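Undergrad: Take this structure first; my questions come after.
The values are calculated or read from the model by the stated rules, or taken from the named source; none is laboratory data. All values derive from a computational prediction rather than experimental measurement. Cβ atoms come from the backbone with ideal geometry, glycine included; neighbour counts cover every protein chain shown.
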Amino acid sequence: MWARSLSALGAVLALGCSPVDDAALAATPLDPPTAPFDAALDPDDDVGPRPALDVAAPPDDLPPATPDRAPADDASEARDQGPAAPPDAGPETRPDAPAAAPDAGPPWVTCRLNSAQFAQSPMTLDGPPSAAPLRVTVPGVPAGALAVAVHFDGHDLDHPGEEGFVTLAGRRVALPANTAWDNVTVAGLSAPFAGLALPGGDTEIRFGPGPLSRSFFRISRVSLELRAPLARCPGEGAPNDAGAPAMPTGPRAVRALRYDQATYTLRHNWVFRCDAGYAYTARGSDHLGTDCPGLYRPDGTLRGTATWRFANVAPGLYAVEITSRHSANRNARGALFRVNGEEGRVFQNDDRGGLMLFTDLWGRRTLGGEVVVVLESNGASDSVASVTLRPVP
């Protein structure tokens, strides 16, 4: 038995050392085919997570990423090195995920708040540099508001850099002034306070004298423009981002308002002569049948006011004209008219004939924006048919 086994072993060893039979080799079956190396990374066949490949692609407007090393020269080197490491792109980013929005808080609106003294008569400062300043208060300023500007009408601001100062929340700004504004009322002036933090609540604005030996000016219609973190301005039902209306532009034109377009106080002391086109103050019962609306019921004081408001007046120099009926019993001191708070009188106490109307020049002033004219009758008879703003070339 052992001899037969040794004989078989020798035959095998002899076969292993003999030359290869080509025909036998060709008949030997091959190993199963091997997939190419790149197939292991084919995205179509990839299943499950692929951390190295699932990094979001860069946006289209960025250049393609450049590998850290050049590609292998041949397939054998690629096999030796294994799969190339992805480029070091830093922390993972996802361009399609929106960034968290910062907490912007409430919207900001631009508001213009009138002072408590806005509708009052002009305030006058007249004195040396030690004179007490004029003071106005703007109520209800929102917390956290930032100032934009103080707006006002000014009279006789004719000394640039010396006339005086506006003070708001500790900051002082020179009053706007121009040598051409001597004895002139200018509407819509502004003193800038951009970005100044306001204390909120009732806020005081001061108009003080300058370094002149004598400062003289009048201030009226003061308002405060500000920016506030609110959805709407105080007292308004909607945002007011446009702020106050801008000063109108364009050509100047003749503007006129009649006596029956005015707003009256103590209307019972006024007689409307509709047949002649004018109004006047009176105290006698003999005028009862003359007032065409039938509202005349005099109290004997000859008091009352008539107010005209001209909106959107293009800035420039205007002649302010008063048309009225003159008569011998008119106010001996002259009818008192205020134009944007500035006083001036028109004499009507002469008899020029019947019910004829005459036009008198109140004065020439630089005007713009809203222009307010008031006739104040107090103890004597005054009349008016119309008020006209006529551009001066």
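Undergrad: Sort out which residues of segment 267-320 are assigned to a loop (DSSP other than H, G, I, E, B) and of a type in the set (D, E, K, R), and write them in order of number.
TA: Hits for segment 267-320 are Asp275, Arg283, Asp291, Arg297, Asp299.
Undergrad: May I ask you to verify whether His151 is within 22 Å of the chain's Cα centre (by Cα), at pLDDT 90 or above, closer than 19 Å to Leu125 by Cβ and surrounded by fewer than 23 Cβ atoms within 10 Å (Cβ to Cβ)?
TA: Spelling it out, His151 is indeed within 22 Å of the chain's Cα centre (by Cα), at pLDDT 90 or above, closer than 19 Å to Leu125 by Cβ and surrounded by fewer than 23 Cβ atoms within 10 Å (Cβ to Cβ).
Undergrad: If a residue must be under 14 Å from Arg345 (Cβ atoms) and among the polar types (S, T, N, Q), how many such residues does segment 362-380 contain?
TA: Total satisfying the criteria: 2.
Undergrad: If you don't mind, another one. In contact (Cβ under 8 Å) with a residue 12 or more places away in the chain, closer than 19 Å to Gly341 by Cα and among the hydroxyl-bearing types (Ser, Thr, Tyr) - does that describe any residue in segment 192-211?
TA: No, because not a single residue in segment 192-211 is in contact (Cβ under 8 Å) with a residue 12 or more places away in the chain, closer than 19 Å to Gly341 by Cα and among the hydroxyl-bearing types (Ser, Thr, Tyr).
Undergrad: Say whether the condition of being free of Cβ contacts under 8 Å to residues at least 40 places away in the same chain and assigned to a loop (DSSP other than H, G, I, E, B) is met by at least one residue in segment 359-366.
TA: Scanning segment 359-366, I find no residue that is free of Cβ contacts under 8 Å to residues at least 40 places away in the same chain and assigned to a loop (DSSP other than H, G, I, E, B), so the answer is no.
Here is a yes/no grid of residues against (1) small (Gly, Ala, Ser); (2) out of contact with any Pro (no Cβ under 9 Å at 6 or more places or on another chain):
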site	(1), (2)
Asp158	no, yes
Ala174	yes, no
Ala177	yes, no
Thr185	no, no
Gly188	yes, no
Asp202	no, no
Phe207	no, no
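Undergrad: Considering only residues that are surrounded by fewer than 20 Cβ atoms within 10 Å (Cβ to Cβ) and of a type in the set (Ser, Thr, Tyr), look in segment 157-205 and name the one that is farthest from the chain's Cα centre (by Cα).
TA: The residue in question is Thr179.
Undergrad: Something else now. Out of the residues in segment 315-367 meeting the condition of being among the basic types (Lys, Arg) and under 26 Å from Gln120 (Cβ atoms), tell me which one is modelled with the lowest pLDDT.
TA: If we take residues in segment 315-367 being among the basic types (Lys, Arg) and under 26 Å from Gln120 (Cβ atoms), then Arg365 is modelled with the lowest pLDDT.
Undergrad: Within segment 160-171, is even one residue within 18 Å of Gly341 (Cβ to Cβ), in contact with a strand residue (DSSP E or B) (Cβ under 6 Å, 6 or more places away or on another chain) and not acidic (Asp, Glu)?
TA: Yes, that holds for at least one residue.
Undergrad: Let me ask you something else. Mind listing whichever residues of segment 235-262 are over 27 Å from Val392 (Cα atoms) and either in a strand (DSSP E or B) or at pLDDT below 65 (or both)?
TA: Glu236, Gly237, Ala238, Pro239, Asn240, Asp241, Ala242, Gly243, Ala244
Undergrad: Regarding segment 301-308, can at least one residue be identified that is touching a helix residue (DSSP H, G or I) at 6+ places or on another chain (Cβ under 8 Å), exposed (fewer than 15 other Cβ atoms within 10 Å of the Cβ), hydroxyl-bearing (Ser, Thr, Tyr) and touching a residue at least 24 places away in the same chain (Cβ under 8 Å)?
TA: Yes, there is a match, as at least one residue in segment 301-308 is touching a helix residue (DSSP H, G or I) at 6+ places or on another chain (Cβ under 8 Å), exposed (fewer than 15 other Cβ atoms within 10 Å of the Cβ), hydroxyl-bearing (Ser, Thr, Tyr) and touching a residue at least 24 places away in the same chain (Cβ under 8 Å).
Undergrad: Follow-up. Of all residues in segment 311-366, which are of a type in the set (Gly, Ala, Ser) and surrounded by fewer than 21 Cβ atoms within 10 Å (Cβ to Cβ)?
TA: Once the filter is applied, which keeps residues that are of a type in the set (Gly, Ala, Ser) and surrounded by fewer than 21 Cβ atoms within 10 Å (Cβ to Cβ), segment 311-366 yields Ala311, Ala314, Gly316, Ala319, Ser327, Ala328, Ala332, Gly334, Gly344, Gly353, Gly354, Gly363.
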